[in-house]
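Here the structure is laid out as structure tokens; the discussion comes afterwards.
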Amino acid sequence: MRIVLTVLLFISTVFAMADKAGVPKSTQMIMVTSNDFSSSDAKLQRYSLQNGKWQKVGKQIDIKIGKNGMGWGIGLHKIPLSATIIKKEGDGKSPIGIFALGDAFGYEPYEVKYTYNVMSEKHHCVDDGNSMFYNKIIDSTKVAKDYNSYEVMEFPANYYKYGIVVKHNPDNMKGKGSCIFMHIKDIPTTGCTAMSESQMVEIIKWLDPRAKPILLQAPSGEVKGLIKQLQNL
């Protein structure tokens, strides 16, 4: 409890200084925190930058992350030189770091202000590191297939009924991890960040493309360092 309170106090102090340190380019942030590197349980809190200060939006919710916890990923942040747990393809870990959010998606059309794409069985997210489409969502009917492993973006389960792309590994480096989303699920994932359908829809409706929303995701002990980096983005 003491660690959590210390982190919250630090967040409040740094956020209150946002107007003095320079307004970040992003004005919407989703923060996901877990107790440690191995936990698959996490908390999610939304924030909005108002008058130079980060303010909480809505209630904190309980969510699920990777079944094997978290590992440092590739995004807008710098990975600490001391980091030993690094995310890689197939490790069952959600990425640690600061990440831009990509488009929202789902199985049916949905009118929201955030960019939203309808997915079907023909849409594949490629996780084959030998493919030129690695870590990309593609229309499989419009490309020359050069991959053997992929995720179908619409299937009988409701996991991708609504979701958001997390821009992890934006340069699509082989083996560094692919197809990371925020989506619907009530059990640990293979690397994504998951919650209930109603919670996912609420986030999509809240997102504003003009705010350039980001995801800050980490075990509680790594949050301070990432918030310091956030000031320089």
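Structure above, values below:
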| item | result |
| --- | --- |
| The chain: calculated mean residue ellipticity at 222 nm from DSSP helix runs of at least 4, using -39500 (n - 2.57) | -4500 deg cm²/dmol |
| Spatial separation of Cα centroids for segment 181-233 and segment 53-130, in angstrom | 7 |
| Rounded tilt (10° steps) of 197-206 against the dominant C-alpha axis of the chain | 70 |
| The chain - charge dipole about Cα centre, Lys and Arg +1 at Cβ, Asp and Glu -1, debye rounded to 20 | 880 |
| Cα gyration tensor shape of the chain, rounded if a/c is under 1.5, else prolate or oblate by comparing a/b with b/c | prolate |
| Spin-label model distance (nm) - ASN117 vs ASP146, 7 Å beyond Cα toward Cβ | 1.9 |
| FRET E, pair LYS174, ASP62, Förster distance 35 Å, beta-carbon r, rounded to 0.05 | 0.55 |
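Computed from the coordinates by the stated procedures, all read-outs in this text should not be read as laboratory data. Everything quoted here is computed from the prediction, not taken from an experiment. Cβ coordinates were reconstructed from backbone atoms using ideal geometry, including for glycine residues, and neighbour counts include every protein chain displayed.
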